[in-house]
Structure formats: C-alpha cells, structure tokens
Amino acid sequence: MRKPLVAGNWKMHKTLADARALIGSICEGGGSIEGVDVLVCPPAQLLFPMAKAVAGTSIMMGAQTAHEALEGAFTGEISVPMIKDTGCTHIIVGHSERRHVFGETGEQLAKKVSAVMEHGLTVVYCVGETIEQREAGQTNDVVQRQLSDAIHAGIPADRLLVAYEPVWAIGTGETATPEQAQNVHQFIRSKLAEIYDQPRSESIRLLYGGSVKPGNARDLMAQPDIDGALVGGACLVAEDFLAIIGAAASTSVTSV
Ligand code: PEP
C-alpha cells in the first residue's frame, strides 16, 4: 500500500514571523498524525529556520525549485547541494508556474531532475495541461510528453513523486473532479509502468494538485491512483492544511 503524502507549496508567501506561527501550528497538529507523510515547501529564505522548527517531528522539508548547476554565476539562483544543506529531502521540479511564468523548458527540467537525483534527494515532478489543451483533447499527450522530457528508467523510482496539477485548477478555485483526476493519474501510472515496470509504477506516489481544500480533499484522495495532494493556497492556513492531512489519514485507514 502506498502511504499518502500531503505537500504544502508556500510559493512566495510568509515572512519569518508569519512562517514561524504557521509551522508551529502545523507541527502541533500534524506532527503526530499517523499514516501520512507531510512535506512543507517554504520559499528559500525560510528553509533553514523552518528546518529547525520541524526538527524532531516527522514533517519533511522541500524546496520549490533548484538550479541545475552545482554552482556558478547564476545570480538569484540556488543549487541542489545548497538546498540539501538546509535539511531538505525533496525538491519540486516543473511546477506550472516555473514552466509558464519563468519559461522553464523540458530540457532544463530534465537537467534539474538529474541534479536532484545526483545529490540523493527526492523529486516532486509536476505535470499538467492548460485549459486549451484539455479542451482540445490533448491532456494525455501533454502529460506523456512532460513525463518523457525528464523521467526515464535511470531515475530511481523510490525517489520520485509525480504531481498531476492541471494548470486550469491551480489557484483558481476550480478543481478537477475526482473522476477527471483519477483518469489522468491512472494514465500517468500506465506510462510509468512503460518507463519502469509494473511493480515500480505501483510503488510511485502520485499527488493531485489544483485548488485542493478541506472540502474536496477526501474525495480526491480516495481515488485508487491518487496518493496525496500538492496544496498551494490552502497550505497557508494551518487549520486547512491540517484538515487536508486529516483527510489523507482517513483515506489511508479505509484503504488498509
Ligand atoms: C500549487 O501551487 O501547486 C497548487 C496546487 O496551488 P493551489 O492549491 O492554490 O491551486
């Protein structure tokens, strides 16, 4: 059975004082929830203090992106080893905002995934279609291309999570229905079975992201191929994030 994982992508939110208050509440309420892995991905300036705040709990830390190079003249960027230094175990690669706002290409994302792997961290690799692509019936083609851009059999399956995040559902309040999300997750798993093999494809956790809220989290995560959530807006409010973690815990109990 795959253990559910709930990840919070804080994006460019929270100054130190606000972040301390948020992480304190998350640690209090979520540090002891059993049957769910919890990952928080604060902005870069908060990685060290947040790592200190979660020390001694089971909450894991992740970064939202990384540069593919080890070091060099890349003003404003941080590298995978720098992120690893902070105590992070995970790095999100290919978030739709990185693809669409910052213009990151498949080629670049492949290098980022390799860099994450080289340094022994786990990647949360995001894929997802725009509304135009969905309406043109291209969802599976887009997701397949995004997967094949960066994921190959040389990537250790035990350090890979894939997040399906339809672009039209991110930060919009519009969510894929559980059925729409499950269909794409099932498709992703079938492609992972081609890249790896059936057993490994079944071991990889697939997260859904796109306006996940306390009210829709359980129905989404109850789907057979949805193993957790990548949460944006709702992870900034401790009560909401904890409710989503609780929803994941309830799906893990009912599927035992
Ligand atoms: C995200 O940023 O990955 C995300 C899913 O955001 P939201 O939950 O706000 O849609």
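The values are calculated or read from the model by the stated rules, or taken from the named source; none is laboratory data. Note that the structure is a prediction, hence the values are computed from the model and not measured. Cβ sites come from the backbone with ideal geometry, for glycine too, and all protein chains shown count toward neighbours. Heads up: the accessible areas ignore ligands, DNA and RNA and are worked out on the full protein's heavy atoms, side chains in. Shrake-Rupley method; radii C 1.70, N 1.55, O 1.52, S 1.80 Å.
Observations on the model:
- Accessible area of Thr15 (1.4 Å probe, protein heavy atoms only, ligands and nucleic acids ignored): about 90 Å².
- Each helix, a run of at least 4 DSSP H residues, gives -39500 (n - 2.57); summed and divided by the residues of the chain, these come to -13000 deg cm²/dmol at 222 nm.
- Efficiency of FRET from Cβ geometry, Arg159 and Ala21, R₀ 41 Å, rounded to 0.05: 0.80
- If you take all other residues with their beta carbon under 15 Å from the beta carbon of Phe241, and give Lys and Arg +1 and Asp and Glu -1, the sum is -1.
- Solvent accessible area, Å² - Trp168, 1.4 Å probe, full protein context: 30
- To the nearest 10, the accessible area of Glu107 is 130 Å² with a 1.4 Å probe.
- Cα-based Rg / Dmax (Å) for the stretch 66-229: 15.5, 46
- Of all lysines in the structure, those lying under 27 Å Cα to Cα from Lys11, and not within fewer than 8 positions of it along the same chain, are Lys3, Lys52, Lys84, Lys111, Lys112, Lys213.
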